[in-house]
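A short worksheet on the structure shown next.
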Amino acid sequence: ANQDRRLRRMDRELIALKEQGMISTMAPSKMTPEDVKTFILFRKAKKVGASDLSHDITLLEQFLTYSGNYAVQVCLQKNKGLKPKDNSHQRLDPLPMEIYRTILARSKEIDYGDFPTVRAYAMVLLYIGTGARNKEIRFCRRDELNDKSWLIHFTHVKGEDTYGRPRNVPIPEEIRPMMSEYLYHRDVWLAAHDKTSEMLLFQLGGECSTLSSNSIRKIKQKVEDQIGHKFELRDCRRAFGQTYKDRGLEMEKISRLMGHSSTRVTELYYCGVSENDAIDGARKLW
């Protein structure tokens with residue numbers, strides 16, 4: 001919702017700048033570094049905060065880069081200091097591996113006749129194992145999870161109407177048993193309640209429709225209460241990226257699996273070289 005509002009506002013501002021003859025075009029493939037500079041200076045003149053301006057620039061960069069246009073990068077290289085420094089850009093810690101292992105172990109001990117609990121563990125493990133965003137999980141359909149190839153397809157990605165691209169992500173082997181249990185008990189629960197749902201995860205009442213963000217948080221809380229540890233779903237996404245990085249997957253491939261347009265965002269917010277890897281590497285070279 002916040003990004004949609006930002007996109008609509010940026011669109012209005014770019015239209016106004018074009019009508020005033022201050023930028024040459026609004027076409028993402030044709031905007032020039034000077035057009036980008038004009039837009040940034042226009043936003044600065046409005047005295048917007050550093051974080052808001054950084055988000056605007058990042059979003060504009062994603063749009064243009066998706067069209068093969070690197071005007072934003074060229075503009076920022078030519079105009080050092082044009083993009084504000086945002087000290088909030090600090091990579092947060094991923095979900096600790098020991099917490100993931102606790103969740104995985106606990107998922108094997110639950111009462112599989114308790115469908116809400118089965119759903120809770122399957123959902124959390126799916127977040128960890130696929131690195132999906134909230135929206136991508138909420139709107140994922142049952143037929144988008146292939147339990148033969150164990151690939152999950154995310155259609156409703158971030159920026160799906162603009163720069164976002166649908167993607168496939170493999171489901172790790174160690175969480176497949178839990179997902180198989182969930183799929184089986186999902187069908188049993190729907191049949192027992194004489195209901196159907198096209199969604200992979202769904203509300204247990206009414207029309208068995210798409211889960212809300214608030215429902216997702218409540219479902220996650222069931223797992224938190226049972227393992228005695230609070231965590232954010234963003235922690236799961238960071239754990240996904242960091243785990244693959246620690247196991248040697250190239251950053252470009254991690255970035256693609258996470259749905260990023262470049263490795264810059266992946267490295268900045270989600271994963272990097274761990275201290276242990278740095279130490280091991282250093283010992284081999286000195």
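Key figures
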| read-out | value |
| --- | --- |
| Charge dipole (the chain, unit charges on Cβ, about Cα centre) - positive-most of Pro28, Leu41, Gly259 | Leu41 |
| Dipole moment magnitude, nearest 20 debye, the stretch 244-286 about Cα centre, only Lys, Arg, Asp, Glu C-beta charged | 100 debye |
| Anchor Lys78: aspartates and glutamates whose Cα lies under 19 Å away (excluding residues fewer than 8 positions away in-chain) | Glu34, Asp35, Asp56, Glu61 |
| Using θ = phi - 60° and Karplus 6.51 cos²θ - 1.76 cosθ + 1.60, couplings along the stretch 218-235 (whole Hz; Gly, Pro as x) | 5, 5, 4, 4, 4, 5, 4, 5, 6, 9, x, 8, 8, 7, 9, 5, 4, 4 |
| Lys, Arg +1 and Asp, Glu -1 on Cβ, resulting dipole of the stretch 100-167 about Cα centre, debye, nearest 20 | 220 debye |
| Point-charge dipole on Cβ atoms (K/R +1, D/E -1) for the chain, about Cα centre, debye to 20 | 1060 debye |
| Proximal aspartates and glutamates relative to Lys195, as straight alpha-carbon distance under 20 Å, when same-chain residues fewer than 8 apart are discounted | Asp114, Asp143, Glu144, Glu181, Asp187, Glu207 |
| Per residue accessible area of the chain, 1.4 Å probe, in Å² | 54 Å² |
| Helix 97-107 axis, angle to the chain major axis (alpha carbon atoms, nearest 10°) | 40 degrees |
| Per-residue HN-Hα couplings for the stretch 259-271 [Karplus 6.51, -1.76, 1.60; θ = phi - 60°; Hz; x = Gly/Pro] | x, 8, 7, 8, 6, 4, 5, 4, 6, 5, 10, 10, 7 |
| The stretch 136-163-the stretch 237-263 distance, computed between alpha-carbon centres (Å) | 18 Å |
| For the chain, with +1 on Lys and Arg beta carbons and -1 on Asp and Glu, the positive-most of Leu200, Tyr70, Met123 along the dipole | Tyr70 |
| Integer Hz, Karplus 6.51/-1.76/1.60 couplings in order for the stretch 175-183, x for Gly and Pro | 9, 4, x, 5, 5, 5, 4, 4, 4 |
| Over 30 Å (Cα to Cα) - which of Lys18/Lys253; Lys135/Lys253; Lys83/Lys218 fall in this group | Lys18/Lys253; Lys83/Lys218 |
| Amide H within-cut-off set for Met199, under 5 Å, with H built and near neighbours excluded | Arg142 |
| Helix axis angle, 50-66 relative to the chain longest principal axis, alpha carbon, degrees | 90 degrees |
| Positive-end residue of Val273, Thr155, Leu104, charge dipole of the chain with Cβ unit charges | Val273 |
| Computed [θ] at 222 nm, helices only, for the chain once each DSSP H run of length n ≥ 4 contributes -39500 (n - 2.57) | -17000 deg cm²/dmol |
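The values are calculated or read from the model by the stated rules, or taken from the named source; none is laboratory data. A quick note: this is a predicted structure, and the numbers were derived from the prediction, not measured. As a convention, Cβ positions derive from the backbone with ideal geometry for all residues, glycine included, and neighbour counts pool all protein chains shown. For the accessible areas, the whole protein counts, side chains as well, though only heavy atoms, and no ligand, DNA or RNA atoms are used. Shrake-Rupley method; radii C 1.70, N 1.55, O 1.52, S 1.80 Å.
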